[in-house]
1. Got at least one residue in the range 372-387 being loosely packed, with under 15 Cβ neighbours inside 10 Å, within 30 Å of residue 536 (Cβ to Cβ), out of contact with any helix residue (DSSP H, G or I) (no Cβ under 6 Å at 6 or more places or on another chain) and at pLDDT 55 or above?
2. Filter the helices (runs of 4 or more DSSP H) completely within the range 719-817 down to those with at least 1 residues that are closer than 30 Å to residue 854 by Cα and touching a helix residue (DSSP H, G or I) at 6+ places or on another chain (Cβ under 9 Å).
3. Going through the range 661-695 one residue at a time, which ones are in contact with a helix residue (DSSP H, G or I) (Cβ under 9 Å, 6 or more places away or on another chain), assigned to a loop (DSSP other than H, G, I, E, B) and under 28 Å from residue 608 (Cβ atoms)?
4. Of all residues being without any contact (Cβ under 8 Å) to a residue 40 or more places away in the chain and buried (at least 16 other Cβ atoms within 10 Å of the Cβ) in the range 693-717, which is farthest from residue 642 (Cα to Cα)? Just the residue, please.
5. Please work out if residue 734 is over 18 Å from residue 818 (Cα atoms), in contact (Cβ under 8 Å) with a residue 24 or more places away in the chain and in the same structural domain as residue 846 (by TED's automatic domain parsing).
6. If we scan the range 317-331, do we find a residue that is over 30 Å from residue 474 (Cα atoms) and either part of a helix (DSSP H, G or I) or in the same structural domain as residue 267 (by TED's automatic domain parsing) (or both)?
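The values are calculated or read from the model by the stated rules, or taken from the named source; none is laboratory data. These figures come from a predicted structure and were not determined experimentally. Glycine also receives a Cβ, built like all others from the backbone with ideal geometry; neighbour counts cover every protein chain displayed.
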């Protein structure tokens, strides 16, 4: 007999992509399960148990109908089952009626069974058309349901099910199917309904032979003794049991799933099983999965693929676990790596819990060995096994952990060559992923791994202390300068013998660099260790903030440090990866407070602005009366050889100049730092060549006024001192010549020479005064204005102040010394100007000789006139004086040399790259005086 089971019908509802909702399928199966066997056979085949007298498949019989050869237990297709499914939608009754209505509706929708199981085609009778008025049919069914069930529940349920049926695109002839089922429901019942036992699963048909006997449509293949027939199948066994018995007879059975499941659980823990195990080669990372060959059982290829997928998790687990164990056993591992290992270990602990739960699920399953031995079990035991742990269910359980293990394995591989901030930066790179799971896992990992980083950051940002024993932070300390601190000046107010740089007991010349060295070299910024989520701009602020606080605490000895630290702590809060916006606000606030406090200490406590102003007034000759007084008092001493000068004499003269000028009003701390000294001199040099002023600075002022800056100040002083000397010499000579010409320079034959001398001297005075005005007004004062604006704003940190002061000095050095940007020719113009200074001084010496000659000649002529008048004046003849032609020749030589050299200087200034230098050239020759003179000289030649 042919039986219809719930399992067969439910199986038809999972046919590829044409599957219907599971709830509908279950309801249809349960409804169809209640149909009597005889009626169900008629439903599935129009001819019942008879065999039509037709030819082979696809031939036409005597009644004009297409018929097919009946094959053993042909499975109905999806569309056939869906047509039957509508029976549950029509009426939820106990009796679906007899098969009387089947013959009446069958011609409209004939079902032709073809040789291919599972395929069905629909055909209509020739010339017959069917009106698909589903609305009319549904109203008829509703009326019948309301008649049988007056409460209307069945009618409402039918309407809902009909709506869902019409929305399904699987059935193409819904009206015909619904009409068939309506007729079926209206037919009377002929037999009571009894539960039908579960059917057996028949074997597939044997291979078809090409013999005539096999091709005959009426021939039936003989039943083999080993082939279990559907009719002879025991009624109490399921299809799975029949399949196992069949495989046991004809071939090796599949290895029981519970054995593979046990080995798979071992593989998930990195342990080889009995039937599946890891085969490690020479490389521990190149594990291969090996399936043990067994003569009794086989393992299907899909099962092997599934086990391969599951074994990947175990392989990744071994890599992560080995990394954690290796780092735990290593000495000197960094805190960030320790945090990474801690997070990985916590993840592995959760993984252990999952494995334990899965093992308990496997242990709770009913024993499957009974099923293998053929023992009969009831339906409840079978359902228990089906609801237990299987390989597919295990793959679903492990799916999330597969992604986790992959992420942890990637982090482990990257962590082998990185540490500290570089490791945090590496993990942060995985956060830029579109997968929400990867992004969430990375954020959780970074939250845990970055905790040591933020702890070090908090200590550095709010207290200026660097606690980084494993060199993981992006701020590194120089071990040679780690314990080196400033030594404050003594209470007596005297500077140390090494100029105030009391950094250590070693050589003073080397320790003079300690101020800036401690600030710039004690801590270094390591860009490669900076996490990407911080950014270089904020990293620089963090670096500057910590340095400033450390400098305030250990170098400036700020008494208000406690208050400052309290303010910083109040703005800090908790620093963590999940609050990057809060981190940026904390960094900005701490940076502003620390930088402002440090600048206030420099300008208020240590008077940095007073020192900068003193350098401008003394070394840059900003005090004009002081410079004139110093020049006047030192001129007699500096005209002597350098080896005859003594430092205490120069210091005494300096103090005299201070007391006789406006410099006496400066603070005592400024005046005591000013000193006069001599540079190293060689044979033949005079005092003008080696004299210089010195301004001593101590800690922490030497951080800004570092030795390199003081050298630049000395260069500027030497150049400006030479300009001042030339200007003073020319002014004195001009006053001497102008006064003497009216009194006793009465040598008529030398009037032209004196006129030429006055012209050249006026030209020299114009040149030197333009140079002095350019240096003082155009360069020094403008640069000072820029520096003063920055100081008043107090914008930035100490590094910004140092850079601003360096720019201030560099601008003055470049413009005052007329340096050129051309490589190898930077000081060409400066050397030419200095040659002009030398020519002017030589010209002044020649004019002094000429003045003395004229004075002597005038005195001689006055004596002769007195003798003529009989008056004896007692004048003696002069001795050792230069002859007049020699003096006049020197004057003409220096005049022409000056004229040629200044033309070269003006030409060089007018072609200079700096705009201020070009403007100086215009001021020196504002009416093209030297250009016209050059043309005149060329015309004469």
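1. no
2. 751-773
3. Hits for the range 661-695 are 661, 666, 667, 673, 679.
4. Among them, the one singled out is 710.
5. For residue 734, the condition - over 18 Å from residue 818 (Cα atoms), in contact (Cβ under 8 Å) with a residue 24 or more places away in the chain and in the same structural domain as residue 846 (by TED's automatic domain parsing) - is met.
6. Yes, the conditions are met somewhere in the range 317-331.
Per-residue answers, yes or no, for (1) in contact with a helix residue (DSSP H, G or I) (Cβ under 7 Å, 6 or more places away or on another chain); (2) more than 30 Å from residue 710 (Cβ to Cβ); (3) modelled with pLDDT of 85 or more:
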position: 544; (1), (2), (3): yes, no, yes
position: 548; (1), (2), (3): yes, no, yes
position: 570; (1), (2), (3): no, yes, no
position: 585; (1), (2), (3): no, yes, yes
position: 596; (1), (2), (3): no, no, yes
position: 601; (1), (2), (3): yes, no, yes
position: 604; (1), (2), (3): no, no, yes
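Each row is one residue, and each column tells you yes or no for (1) loosely packed, with under 12 Cβ neighbours inside 10 Å; (2) in contact (Cβ under 8 Å) with a residue 40 or more places away in the chain.
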{"position": "646", "(1), (2)": "yes, no"}
{"position": "650", "(1), (2)": "no, yes"}
{"position": "655", "(1), (2)": "no, no"}
{"position": "659", "(1), (2)": "yes, no"}
{"position": "663", "(1), (2)": "no, yes"}
{"position": "669", "(1), (2)": "no, yes"}
{"position": "672", "(1), (2)": "no, yes"}
{"position": "678", "(1), (2)": "no, no"}
{"position": "686", "(1), (2)": "no, yes"}
